[in-house]
Every structure is written in structure tokens, then in C-alpha cells.
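See below for the structure under consideration.
The values are calculated or read from the model by the stated rules, or taken from the named source; none is laboratory data. Because the structure is a prediction, the values reported are computed rather than measured. Positions of Cβ are backbone-derived with ideal geometry, glycine not excepted, and every protein chain shown enters the neighbour counts. In case anyone asks, the SASA skips ligands and DNA or RNA and just uses the protein heavy atoms, side chains included. Shrake-Rupley method; radii C 1.70, N 1.55, O 1.52, S 1.80 Å.
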Amino acid sequence: MKIKTIKIRNFRLLHDVSLQLEDVTTVVVGRNNCGKTSLSDIIRKFLSERSTFEIEDFSSACYDRFCAAHRAHLKGEEPEKVRALLPSIDLRLHVSFDPTVSNFGPLSEFVIDTDVNCTEAIIMCSRSLADGQIAALFEGHEKTILHGTEETHSNEDRLALFRSLAARVPTLFTTRMWAENPLDQMDRRNVTPKAVTNLLALGFVNAQRALDGASGRDTDVLAKVLEGLFQSASVSTADGSQKNIADGLKKAVEEIQSGMDRDFKRELASLMPAIEYFGYPGLDN
């Protein structure tokens, strides 16, 4: 089983993006604020039980759709039409597999096509408005007056609407997950979040944006992971090969420290006259 393609819609900078994955390793490269972190964040949010989505998580192109849905609601349109105008955040994963395998394991929940020649399964995760919540989403804005022939919101009404949406989107929007037939988009089978997490075992190391650890709590996450691995390998009951690796790492660190001390003292000696000129005490420190 391999994830072939990741498709994302309406999430932050990733308004409509399709990413093809390599067979072994895919490296995503780009300048700051081009959406690299958003790629991992949307997967993290859908797979985490405690994460939610904020109004800011919707791409800016979605904001006009919220206004369009509100206008339709004001005109008394059918709930289905209003819901169709509301944006959703979507993550679609295309997974390839060998159809000759007799046991698909955790993937079996997502293989719903009966065509023996089909070699792809689709996992769909979507964050959209919960059923029956249209009135609650726009509560308090029933008397908004639309302006002009284009029936637009005034700046004040638009701002008031999005202040309400900021408070309501995290609670009124819900996550839905389903398996989708690659040959028929309407052929779906609802799946649980647990089924998705059982299939996709992922770990994340947050972006390291600081050197001194003073500007964020997560800057030392990689160091903590490595420290835990080193401690586990160093205990007396550790596997022999792991113990040898830990001993080798310890020796390497000691050699690096010794070399740094030696080189530092040598370079410091060349600065000694200047340091003494400024009356700096405690050279050994």
C-alpha cells in the first residue's frame, strides 16, 4: 500500500492543491509562507481527536462563499441550496494497493469497489457544517440589509458576520470521513476516525523556527525525542546492539567535547592580550 496523491481544498494557503508522492520519499521545498506547514497541519488536524478547525483555517477565497450562503439564507432559500454554498475543508488521499493480496488489513475498510482491476482506494476527510445548523450559524444576522443591485454586505455587516463565524465555526462544523469508489464518486461508505488513524500511522516534528528555544515551546521537540531514545538504549536491560550504539554515541560526544575545548582554548589564547587589555577576569571560565 502506498499513498499516491494528496488533494487539499480550502485550507489556508492550499485553496486547491494536488500533490503527487514519490514511491519512497517526498521532500516538499519552498519559501516561507508557501503552504509547506499547512500540508502537515491539515493531516494533523483531521487525525487528532482534540484538534478543531477555526474560521482562519479556511482559505481567503472561501470568505465570499460564507457571505453568499448568508444571502441565500436571508432570501429564504432551501437548506440544501444554502449548504451547497457553504465551503468545506477537504482532504482526499489516493492509496494504491495490490488487488491480488488476499488480506488488505486496515485498508479493507476503504476498498469498496468490486472491480478486480481497480488498484486504488480513496480516503476522504471533510470538515463541513453539521446537519440542521444553518440557522444557528447565522443567528443574530437575520435583519442584515443587502445593498445595491449585487446585493452585497456592508463592511460593518460583513465584519459582524465574520466575528460570529469565528466563534461558531469551531463548534458547528463537524468532521466526516468516508471511503470513496474511484470509479463512482457518489458510491461512498462512512468510516470512523479510528479506521483512518489505524491505517495512517504518522508522527510530526514541528517547524524549528528558533535557535535559542526562547520563542516557542516546541523548538526542542526533536532533542527530547532523541534524548528519550538514547536513555532507552543506555539502560542495562537494553538490547545489545542498541547498547553498543548508545555507547558509541556517548564516546563520539565526548570526543567532540574534548576537541571543542582544545580548539576553543587555542583560539582564546590568541585573543588573550586583547581580553587582558579590557581587564577581563577569570579566563578559565
How much accessible area per residue does the chain have, counting only protein heavy atoms and a probe of 1.4 Å, in square angstrom? 66 Å²
Quick one: order I89, I256, I134 from most to least accessible surface, probe 1.4 Å. I256, I134, I89
Treating the angle as unsigned and between 0 and 90°, give the value, to the nearest 10°, between the Cα long axis of helix 155-172 and the longest Cα principal axis of the chain. 70 degrees
As a quick test, which of the pairs K36/K224; K7/K224; K45/K250 have an alpha carbon distance above 26 angstrom in this structure? K7/K224; K45/K250
Within the chain, what's the longest stretch lacking trypsin sites (Lys or Arg not before Pro) that sit in DSSP loops with no more than 16 other Cβ atoms inside 10 Å? 218-285
Taking S60, S18 and ranking on accessible area (1.4 Å, protein atoms only), highest first, one gets S60, S18
Can you compute the charge dipole magnitude of the chain about its Cα centre, using +1 on each Lys and Arg Cβ and -1 on each Asp and Glu Cβ, nothing else charged? Give it in debye, rounded to the nearest 20. 240 debye
Each label point is 7 Å from the Cα along the Cα-to-Cβ direction; what then is the distance between the points at A223 and V235, in nm? 2.4 nm
Gyration tensor (alpha-carbon) shape descriptor, the range 76-144, a/c threshold 1.5: prolate
Taking every pair of Cα atoms in the range 68-183, average 1/r, invert it to obtain the Kirkwood radius, and report Rg/Rh to two decimals. 1.18
Using only the alpha-carbon atoms, how far is helix 240-277 inclined from the longest principal axis of the chain? Give it as 0 to 90 degrees, nearest 10. 70 degrees
In the chain, what is the volume of the convex hull around the alpha carbon atoms, normalised per residue and reported in Å³? 252 Å³
So what does log10 I(q)/I(0) come out to for the range 118-209 at q = 0.13 Å⁻¹, using the Debye formula with one equal point on every Cα and no solvent? -0.74
Excluding ligands, DNA and RNA, the carbon-plus-sulfur percentage of the accessible area of the chain with a 1.4 Å probe reads 52 percent
Given R₀ = 30 Å, FRET efficiency for S258-C34 by Cβ-Cβ distance, to 0.05? 0.10
Along principal axes, Cα extents of the range 126-176, largest first, whole Å: 38, 19, 18
In Å³ per residue, the alpha-carbon convex hull of the range 8-146 encloses 162 Å³
Tell me the angle of helix 63-74 to the major Cα principal axis of the chain, expressed in degrees between 0 and 90 and rounded to the nearest ten. 30 degrees
What does the helix-only formula give at 222 nm for the chain: each DSSP H stretch with n ≥ 4 adding -39500 (n - 2.57), the total divided by the residues, and the result rounded to the nearest 500 deg cm²/dmol? -12500 deg cm²/dmol
Solvent-accessible area of E267 with every protein chain in place, 1.4 Å probe, in Å² to the nearest 10: 100 Å²
Starting from the Cα-Cα distance between R163 and R92, subtract it from 0.36 nm times their residue separation and give me the gain in nm to one decimal. 22.6 nm
Computed E for S154/S48 - FRET, C-beta separation, R0 41 angstrom, nearest 0.05: 0.60
What does the extension gain come out to for L268 and W178, with contour length at 0.36 nm per residue minus their alpha carbon separation? 26.0 nm
When the solvent-accessible surface of protein heavy atoms is calculated with a 1.4 angstrom probe, in what order do V28, V95 fall, highest first? V28, V95
